[in-house]
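Undergrad: Okay, here's the structure, questions in a sec.
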Amino acid sequence: MDRLYKENAKLVYCFVLHQCRDPVLAEDITEETFLQAIKSIDRYNGNCKISVWLCQIAKHLLYQNYFKQSKEIPTEDINWTITDVSDVEQQVIDREELSEVIGKINTLPEKMQKVIYLRVTGDLSFREIGEVMGRTENWARVTFFRAKEILKKTVEGSADI
């Protein structure tokens, strides 16, 4: 396992860094990748290079990280000083609207959810999303567009009520 790490750690790290552009996150995902690989080495069937298998594990861990982050509401970015009641009211309205949108996103099929979260919270290009999901850039664009259309219809439908 030590040899496996020495031969592939740099490749996995570069792959993850290219995807997330965050050196600290890339290091964490790389470490977690090798831990997961140790746990699931019996599932490696040899149909692809070991480096490809490791990058797939890293890709899935990165997905999980993005998905987990998208469900968390960062409190450190909120300005807690109250200057005007109308500002507070607007913040409450904005938070409620955000919560509604996240709720509607969570009703979409899983692949659409992942594309939206990677695009919006991960700030990835369609090409990068296609690579991460093992699809084409065009597939990522079409999936994102269709998800937006579904969300528009649900928002317009709830506004008519």
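Undergrad: Residues of region 109-147 being surrounded by fewer than 17 Cβ atoms within 10 Å (Cβ to Cβ) and in contact with an Asp or Glu (Cβ under 7 Å, 6 or more places away or on another chain), which ones?
TA: 127
Undergrad: Failed condition for residue 108, given (1) assigned to a helix (DSSP H, G or I); (2) modelled with pLDDT of 80 or more; (3) hydrophobic (A, V, I, L, M, F, W, C), with all others met?
TA: (1)
Undergrad: Counting just the residues of region 66-84 that are out of contact with any helix residue (DSSP H, G or I) (no Cβ under 7 Å at 6 or more places or on another chain) and closer than 19 Å to residue 113 by Cβ, which one comes out modelled with the lowest pLDDT?
TA: Among those residues, the one meeting the criterion is 73.
Undergrad: With respect to residue 36, determine if the residue is more than 18 Å from the chain's Cα centre (by Cα), closer than 18 Å to residue 134 by Cβ and surrounded by 11 or more Cβ atoms within 10 Å (Cβ to Cβ). Walk me through how you get there before you give the answer.
TA: Values: more than 18 Å from the chain's Cα centre (by Cα): yes; closer than 18 Å to residue 134 by Cβ: yes; surrounded by 11 or more Cβ atoms within 10 Å (Cβ to Cβ): yes.
The answer is yes for residue 36.
The values are calculated or read from the model by the stated rules, or taken from the named source; none is laboratory data. On a predicted model such as this, the values are computed, not experimentally measured, just so you know. Neighbour counts run over all protein chains shown; Cβ positions are idealised from the backbone, glycine included.
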